[in-house]
Every structure is written in structure tokens, then in C-alpha cells.
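See structure below.
Derivation of every value follows stated rules applied to the coordinates shown; laboratory data play no part. Computed from a predicted structure; not experimentally measured. As a convention, Cβ positions derive from the backbone with ideal geometry for all residues, glycine included, and neighbour counts pool all protein chains shown.
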Amino acid sequence: MDRLIGLIVRFMVFLSKHFVTYETWDSSQKLKILLVGYNGARNTGADVRVVSLVDQIEELFAPESIEISVMTLETEDFGKYFKPHINLISFSSIFFVDLLKACSSHHMAILCEGSTLKSKFANSLTMFFCQAAGIMKAQGKPCLAYGSEAGDMDSFVSKLAQKLCSDTYFIARTQNSLQVIRELGLKGHLGTDTAWTFESESHNSWVRAELEQYGWNGKKKLIGIAVINPFWWPVRPSLPRLIRSVLTRKWNLHFQKWYYFSWSKARERSYNAYVEAIAQAVTDYVDLHDAFPVIIGMEQLDDRACVRLQTLLKEQMIDAPLFVSHSYDGKQLSALLRNLSLLVTSRYHAHVLSMDAAVPTVAISMDERLTNLVSDIGLRDQLLHHVTDDDLAGKISKSFSYIDEHVSEVRQALETQVKASLSLTGDMGYFFVDYVQQAFPGFAGIEQVSDKSESGYQFEIPRVAQGLPYAG
């Protein structure tokens, strides 16, 4: 089925050039910018990335000169993040026609999902971005991947990306991702994630009030635990499984539409070992420090893992409230993360968002994202583990002890990384301005900034050579 999706994607790209009427820009029009991402699924990381990117674009360009549209699976809750003038375009997870229409009616596209080129979660997700890139290429319009991650891909997906993304320029969020991008023969340079600038200060008082309702006394250390199910990926389309579900009315492991999670007895054993190890390490820490645990679900798909962890902690006479994204938005969860004393996470953006407050964090990685981040911080040997590690509970506890003994050094390392990432965020904005100026000669919508941008960096636009390799 994945290969069939790849064929449909190629067909849509073919249609986009030869059989579809599409818009092109001239200087009398607003520049229509389409943000293509995995939004509206109550994935906190994906959502706050796009919110931050929209804010940056609106700082860089005069409002009367641009029109921003964001693709989303759901409009009501996701739309609350934005001002009314931001357009929301609904799309289905069977995305082919929706994406063709959206790309054809805009002048440029930005691929704004973190996991842009990788097979870990779903080949369909990567092919979604490949179709967007391919349509823009076929229609002679620019496409920019902004703060993207690239990793292992199935060979046919890798070949599809090489072909359809050849005109897309990638700002990679890690050095390892940039290496993968360049090995594919694609253009790009090093940037960072877009979520570093996401604001949540207005919700700090809400956090305290909410936690007090759950019994926090305002003094105990807060330990946050962001768990996932690392073992039911990738999601794959399956018509036979869908037909069987319809006939039997059994929807086990159904994700949505024709997509199903992966699962097996071995995966189930690994999942149970992972959650139980975290529960054991947290139990030991809470008993030792009289800490107050909080369970955080950064995506609504994390709900089952969060409930499982909560049940295991209850068996140890520990009550831990749940804060899951189906009930809490990005500002609320970000504020919660930034009020923690300690975080244990398998979610990349839980780590990123907590770093604004230099929250010491133990990372339990399922792929390269947390590995790359903790390596950049310089604490890979001390604070990074993998979901399949033997004696995971012991390793987490050892990291807790390291933090207790070196908390000042850990916080300093986190603060240093945040400063570097904010600097890169500013540089990405300057590059984006230059990219637009080159792609759309005569565009006059650059926001005038006298000496410094709002991010605090000198507004000196880097020069970009022909073909857009970064030369800044």
C-alpha cells in the first residue's frame, strides 16, 4: 500500500503541471504562503512549531503584502492559536486531492513539520511532503523546508524524495539531518527547530492553580513524565485490515481512515518493559525526594501510555495527574513544562519547550531526534537513553543522581543551547527574507527594521548565491 501511495503522489505531481490551473505571483498581488504540516491532530510539538513560524513570518513581512494559509486536519481547536486573518485549509489524511488544490492556489510552500523526511512514523507522512514539494517544483514555484529533520527512509521513499524534493531548499534542525539531506543530493544548511520562540508566560499562574487542585502544595519538586508508545510505529495503510475491521467491527490498532499501527507480541513486551522501567525510576525518585509527579501527553495518541503509567504509579500508592493534549493546548502544556523541577521524556518537543526554563531533563529516545538534541547539548553520556535499553530503570535513576549532583552545570548547558538555538532562529528568518526576495523579484513587503529585529539580533540579511546554497 505504501508503494501505491507513492505512485498516486507521482500521478498528482504530473497532473499539477499538465492538467491543473494554478496561480503564479505578480507584483500586484499579495504573496500567498502555504504552510504544509501535520497539524490539527492535537500534537503539541507540531502545533507550536507552526504557531512560532507564523509569528516569525508576520514579524518579517508587512501584513498587507502576504497571505498565510495553514493546512490542518482540524480547524476549531487548532484555529484558536491564530488571529482571524490566518487561513486554515482542511485536509484529509488521504491527502492527494486536498494537497493538490492547496499547493496550486498558493505562490510558495513551506514544509513546516519537524519529521519531514523519515520512515519511522509513516511513509505516508513523508510522501505527503514529497507531493507538496513535487507540485511546487512542477509548477515552477518555490518550496522551503523550515527546521526539518531527516532520518532513515525506506529505499523507495528515499528515491521519491530525491526526485520530488530536488528544488526544495532544506533548513535542517540538526547536523545529522543536514548530512542525510546532502547525501540525498538535496540543498540545505543548518538551522534549528522553530518552537524555541513559543511563548507561554501568560499561563504560569494557571499552572500553579491547576496543580494545587490536584494536591500540590506549591513547594514540592515537580517531576514531569512525558511518555509515548514507541513500539506501534510505523503506521501503514491497509485496505484488507480496513475491510476486516468493517466486517468484524473490531478496530484494534486502527489509527484513522485506512491507516493501522504496527504491533506484535514482541512489541507489546518491549512497550511494557519501557513503561514499567519509567514507573520504577519515578517511584524511587518520588520516595527519595518527596516529589510531586505529573504525567504529560504531548499528543492525544499518548493517552494510553499516560494512563498505563498512571496505573502503575497508583499501584505504588502514588497519585499523578494527567495533562494530555486532547484536553490542554500548547500554551498550557508549555507553561507546565517550564514550571517543572525535573523532566523525563520520550517526546522531543517536551524537551525543547522545557529548556526555556532550563529544566534538567532525562531523555529516553526512540529515534534520532532526542539523540541529536541531547548530543548538541553535550550531555549524551549522562542524560540520554533508548527505549529498548536493558536496565532502563537503573539508567534513568543514575541520570537522576547525576542531575542532583551537577544541577548547575546541567542548567548552564541547557541555557547555552537555548541561546545558540535562538540565534539560529533569527538567522533562519534573515535567510527566509533573502530567499523570498530572490524567488519573487519586485516583492516589496519586507518589514522595515531600523537596527534590531524583535529577537534581538542585528538585521543583516545573509547573501545567497544563485540556486540558493547558503553562503551566510
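Could you compute the longest span of the chain free of chymotrypsin sites (Phe, Trp or Tyr not before Pro) located in DSSP loops and having at most 13 other Cβ atoms within 10 Å, not counting the site residues?
That gives 252-472 as the longest site-free run.
Could you work out the relative contact order of the chain, using alpha carbon pairs under 8 angstrom and six or more residues apart, expressed as a whole percent?
Answer for the chain is 15 percent.
In region 202-405, what is the count of Lys pairs whose alpha carbons are under 26 Å apart, counting only pairs at least 8 residues apart or on separate chains?
17
Given Cβ point charges of +1 (Lys, Arg) and -1 (Asp, Glu) and nothing else, what value in debye, to the nearest 20, does the dipole of region 104-221 about its Cα centre take?
180
Within region 154-262, which GluC sites (Glu not before Pro) sit in a loop by DSSP and count at most 16 neighbouring Cβ atoms inside 10 Å?
Glu199
Considering the dipole of the chain built from charges on the beta carbon (Lys and Arg +1, Asp and Glu -1) around the Cα centre, which of Gly215, Ile181, Val20 is farthest to its positive end?
Final value for the positive-end residue is Val20.
Put +1 on the Cβ of every Lys and Arg and -1 on every Asp and Glu Cβ in the chain; which of Val344, Val157, Thr72 then has its Cα farthest towards the positive end of the dipole?
Ranked along the dipole, the leading option is Val157.
Put +1 on the Cβ of every Lys and Arg and -1 on every Asp and Glu Cβ in the chain; which of Leu7, Gln131, Tyr430 then has its Cα farthest towards the positive end of the dipole?
Towards the positive end, the residue furthest out is Leu7.
May I ask what percent, to the nearest 5, of DSSP beta bridges between residues of the chain are antiparallel?
15
Relative contact order of region 202-405: what whole-number percent is it, with Cα pairs under 8 angstrom and at least 6 residues apart?
Over region 202-405, the number comes to 24 percent.
Only bridges whose two residues both fall in region 202-405 count here: according to DSSP, what percent of them are antiparallel, nearest 5?
Within region 202-405, antiparallel bridges account for around 20 percent of the total.
Which cross-chain or sequence-distant (5 or more) residues have an amide H under 5 Å from the amide H of Leu222, H modelled 1.01 Å from N in plane?
Residues meeting the amide H criterion: Phe292, Ser341, Leu342.
Where a Cα-Cα gap under 13 Å defines reach, which aspartates and glutamates qualify for Lys118, not counting those fewer than 8 residues away within the same chain?
Partners within reach: Glu149, Asp152, Asp154, Asp367, Glu368.
So which GluC sites (Glu not before Pro) in region 336-426 pass both tests, a DSSP loop state and at most 15 other Cβ atoms within 10 Å of the Cβ?
Answer by residue number: there is no such site.
Rounded to the nearest 500, what is the 222 nm mean residue ellipticity of the chain from helices alone, with -39500 (n - 2.57) per DSSP H run of 4+ residues and division by all residues?
-14500 deg cm²/dmol
Would you grab the residues whose amide H sits under 5 Å from the one on Lys118? Only those 5+ places off in sequence or on another chain, please, with H modelled 1.01 Å from N.
It is Thr126, Gly151, by chain and number.
Just tell me which aspartates and glutamates come within less than 15 Å, Cα to Cα, of Lys30; anything on the same chain fewer than 8 places away is out.
Hits, sequence-local ones excluded: Glu58, Glu64, Glu67, Glu447.
For Rg and Dmax of the Cα atoms in Å, one of [x] 22.3, 67; [y] 26.2, 98; [z] 24.7, 83 was computed from the structure I shared and the rest are decoys. Which label?
Comparing each candidate, only [x] matches the computed number.
Note down the magnitude of the dipole of the chain about its Cα centre, charges +1 on Lys and Arg C-beta and -1 on Asp and Glu C-beta and zero elsewhere, to the nearest 20 debye.
1800
Can you pull out the trypsin sites (Lys or Arg not before Pro) in region 211-283 whose DSSP state is coil and whose Cβ has at most 14 other Cβ atoms within 10 Å?
Sites meeting the loop and neighbour criteria: Lys219, Lys221, Arg249, Lys250, Lys257.
Is there a quick way to get the dipole size of region 202-405? I mean about its Cα centre, with the Cβ of Lys and Arg at +1 and of Asp and Glu at -1; what is the value in debye to the nearest 20?
1040
Pull up the cross-link candidates among the aspartates and glutamates for Lys101, meaning alpha carbon to alpha carbon under 14 Å and not fewer than 8 places away within one chain.
Qualifying aspartates and glutamates at Cα under 14 Å: Glu23.
Taking amide H atoms as placed 1.01 Å from N in the peptide plane, list the residues 5 or more away in sequence, or in a different chain, whose amide H sits under 5 Å from that of Val324.
Gly297
Can you give me the distance in nm between label points at Leu4 and Ala209, each placed 7 Å from the Cα along the Cα-to-Cβ direction?
Once both label points are built, they end up 5.2 nm from each other.
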